[in-house]
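S.K.: Could you have a look at this structure, given as structure tokens, before my questions?
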Amino acid sequence: VRLQACGGGLVRAGGSLNLSCAASGRTFRDYDMAWFRQAPGKEREFVAGISWRGTKLYPDSMKGRFTISRDNTGNMVYLEMNNLKPDDTAVYFCATTPRIIYSSLAVVSSYDYWGQGTQVTVSS
């Protein structure tokens, strides 16, 4: 299983970025997928998750600004990020695992496979 994330970059506060993650090695329609992020000196943080059935989960701090979606045909997961803030600066990782319970989507240890991360930097 391989995950390849891309789409990061430098953006000004208030701007937008769209991240993509390509999955290969399996048929991912039965896998749950998620985005996490990690800033320097901080723990890895849940950003958004989407179940194999398309049910989405966001932490309160991301609701309304971030949108996760998936394309099972193309084995892709996306993260649309709007109204970015300097605190959103981090390396963003995509992750996947076979079906888990909904509440576990937000848990780092739930995921078996991780991408290499893509840097997002938001300037003030």
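The values are calculated or read from the model by the stated rules, or taken from the named source; none is laboratory data. Worth saying up front: this structure is predicted, and the values here are computed from it rather than measured. Cβ atoms come from the backbone with ideal geometry, glycine included; neighbour counts cover every protein chain shown. Heads up: the accessible areas ignore ligands, DNA and RNA and are worked out on the full protein's heavy atoms, side chains in. Shrake-Rupley method; radii C 1.70, N 1.55, O 1.52, S 1.80 Å.
S.K.: So, R70, is that one among the basic types (K, R), under 24 Å from V122 (Cα atoms), surrounded by 12 or more Cβ atoms within 10 Å (Cβ to Cβ) and within 13 Å of the chain's Cα centre (by Cα) or not?
M.R.: In short, no.
S.K.: Starting from the stretch 45-60, take each residue that is farther than 14 Å from T96 by Cβ and list its partners that are open to solvent by 50 Å² or more (accessible area, probe 1.4 Å) and in a strand (DSSP E or B), counting only C-beta distances under 7 angstrom and pairs at least six apart or across chains.
M.R.: What qualifies is E45/Q38.
S.K.: Anything in the stretch 23-56 that is touching a Phe, Trp or Tyr at 6+ places or on another chain (Cβ under 7 Å) and aliphatic (A, V, I, L, M)? List them, or say none.
M.R.: Within the stretch 23-56, A34, V47, A48 meet the criteria.
S.K.: A follow-up question, please. Right, L19: in contact (Cβ under 8 Å) with a residue 24 or more places away in the chain, open to solvent by 20 Å² or more (accessible area, probe 1.4 Å) and within 15 Å of the chain's Cα centre (by Cα) or not?
M.R.: no
S.K.: Return the residues of the stretch 66-111 that are touching a Ser or Thr at 6+ places or on another chain (Cβ under 6 Å), at pLDDT below 95 and in a loop (DSSP other than H, G, I, E, B); say none if nothing qualifies.
M.R.: Within the stretch 66-111, I100 is the sole residue that qualifies.
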